[in-house]
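Coordinate-derived values only; no laboratory data. Because the structure is predicted, anything quoted here is derived from the model rather than measured. In this analysis, Cβ positions are derived from the backbone assuming ideal geometry, glycine residues included, and neighbour counts consider all displayed protein chains.
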Amino acid sequence: MTMTGELTVCDARLDDAAAVAQIYAHYVLESTATFETEPPSEAETRRRIAATLEAGYPFVLVRDGGETGRVIGFGFAHRYGPRVGYRYSVETTIFVEPTSVGRGIGGTLLGAVLAQCEARGFRQAFAVIAESEPASVVLHARAGFRPVGTLAGAGWKHGKWLDVFIMQRQLDEGNQSLPQETVT
C-alpha cells in the first residue's frame, strides 16, 4: 500500500467489486473509452478481479481518504495476447471515477500497475486507446509510452466507427535481455 497525500494506492480485493463495477459502468454506458456495451455485474466484476489476480497480474485501486476510503479509480494489467509467446507483454487498463478526473489519479494508478508489472518480470506494456480519449494518450505518453500504431475504424460504439491507438512502453530491460521464466 502507498500513500500519496489523501490518496491510498492498494491491491484490489474481491469485496471491492461493487465499487469497481460502479466506476466502470459509467464508461461502458456513457463513453467510448471501452467497447463493452453492457456494464458487467458485481458478480462478473468479482470474477474478473479474481481471474486477473490468480493469473499473476496486478489489479490496484486508489482510495480517497485512506485504507478504508472510497474507491475512486482502478487499474490492472493482463496478457496482451492469448498465445504463450505474449507471456512477457501486458495490456494496461485504467479507469477513474468521473468526478475525480484531473487529480492525478490516472497517473498514480498507471505508475503502480507498471511498477508491479516490472517487479513480476513483464517486459512490454501496451495501451489500447480509443480515439475519443486524448487525455488517455497524454497520460500514457507522460508514463513513457510511445505511439506504435493506429487501427482505423476498429471499433463501433454509440453510432460511429472509432480508431484505436496502440501505445507501447518497455518494462525493465524490455527486449534487451533474455526473460526470466517466472512470468505466468
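Scan the chain and report its longest stretch carrying no trypsin sites (Lys or Arg not before Pro) that are both in a DSSP loop and have at most 14 other Cβ atoms within 10 Å. No qualifying site falls inside 84-184, the longest such stretch.
So, in Å, what gap is there between the alpha-carbon centers of segment 116-149 and segment 163-182? Between the Cα centres of segment 116-149 and segment 163-182 lies a distance of 11 Å. Overall shape: oblate for segment 98-151, with the ratio a/c of the largest to smallest alpha carbon gyration tensor axis at 1.5 or above and b/c at least equal to a/b. Note that segment 1-144 shows a convex hull volume over its alpha carbon atoms of 110 Å³ per residue. If R0 is 25 Å, the Cβ-Cβ spacing of SER31 and THR150 corresponds to a FRET efficiency of close to 0.80. As a proxy for reagent exposure, ASP15, ASP64 were ordered by neighbouring Cβ count within 10 angstrom, fewest first; the result is ASP15, ASP64. For segment 2-176, a simple Cβ point-charge model (Lys and Arg +1, Asp and Glu -1, everything else neutral) yields a dipole of about 440 debye relative to the Cα centre. Looking at GLY106, TRP156, ILE49, which one has the Cα that reaches farthest to the positive end of the dipole of the chain (charges on Cβ: Lys, Arg +1; Asp, Glu -1)? After comparing all options, I get TRP156.
Counting Lys and Arg as +1 and Asp and Glu as -1, what is the net charge of the other residues whose Cβ lies under 11 Å from the Cβ of HIS140? That sum, taken over residues with Cβ under 11 Å, equals +2.
Could you tell me which of SER136, VAL60, THR37 has its Cα farthest along the dipole of segment 10-140 towards the positive end, charges placed at Cβ (Lys, Arg +1; Asp, Glu -1), taken about the Cα centre? Result: VAL60.
In the chain, the calculated helix contribution to ellipticity at 222 nm averages -8500 deg cm²/dmol per residue, counting -39,500 (n - 2.57) for every DSSP H run with n ≥ 4. Dipole magnitude for segment 4-83: computed about the Cα centre from +1 point charges on Lys and Arg Cβ and -1 point charges on Asp and Glu Cβ, it is near 320 debye.
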